[in-house]
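Step one of this worksheet: look at the structure below.
A short reminder: the numbers here are calculations on the coordinates, not readings from a lab. Keep in mind it's a predicted model, so treat the numbers as computed, not measured. Positions of Cβ are generated from backbone atoms using ideal geometry, with glycine treated the same way; all protein chains shown enter the neighbour counts.
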């Protein structure tokens, strides 16, 4: 939790971008797309957990049941 | 100084998003979501203390607890709707953002029905 989460997602994004470029340059468009998709899904899993914690916290603070 | 920390997180996240937006716009949106969540989590404990204070004031002023709870609920719904709407608007989906905000407004009106009813009752009682 905290700023390291932002850096984690940024690192995944940069890594995926670099891998994407490399795979496209070597002529493997399908694998490049798969890499993009995998990165997106990994980040989405992290983000969904965070959104769930956010909504639970908001619910707890504002007595929303 | 927590405000410095929050400002630093915001600026760093903005720079990271600027770097990433040209390559992967979909991950940039997710970073902005996570930044919003992280900043809220940092102030959540203090926000909860502020709300406890307000609750104790409301109890001391003998306001009916149902009114105060309703106001808190309305604030929470407004925050969630605003958060989701801003995320959609940042990603360029203005129409979805306005629909989320419409849903939030409708929910707020439904929650406010007891308050409006008691206000109307009061008005009717005052006017003979």
So what's the gap between the Cα centers of the stretch A:26-65 and the stretch B:56-116, to the nearest angstrom?
-> 25
Dividing the mean separation of Cα pairs under 8 Å (6+ apart) by the residue count of chain B yields a relative contact order in percent of 18
To the nearest 0.05, the calculated FRET efficiency linking residue B:39 and residue A:34 through their beta-carbon distance, R0 being 25 Å, is 0.15
Report, in cubic angstrom per residue, the convex hull volume of the C-alpha atoms of chain B.
-> 123
Once the convex hull of the C-alpha atoms of chain A is built, how many Å³ does it hold per residue, rounded to a whole number?
-> 67
If one puts a single equal scatterer on every Cα of the stretch B:57-128 and applies the Debye formula without solvent, what log₁₀ I(q)/I(0) results at q = 0.19 Å⁻¹?
-> -0.81
Over the protein assembly as shown, one equal point on each Cα, no solvent: what is log10 I(q)/I(0) by the Debye formula at q = 0.12, 0.18 Å⁻¹?
-> -0.73, -1.23
Could you work out the mean count of beta carbons from other protein chains within 10 Å of each residue's beta carbon in B:48-57?
-> 1
Calculate, for residue B:108 and residue B:21, the FRET efficiency according to 1/(1 + (r/R0)^6) with r their C-beta to C-beta distance and R0 25 Å; round to the nearest 0.05.
-> 0.15
Kirkwood-based shape ratio for the stretch B:23-81, expressed as Rg/Rh from alpha carbons | 1.20
Calculated from DSSP H runs of 4 or more alone, at -39500 (n - 2.57) each and per residue, what is the 222 nm mean residue ellipticity of the protein assembly as shown, nearest 500?
-> -32000 deg cm²/dmol
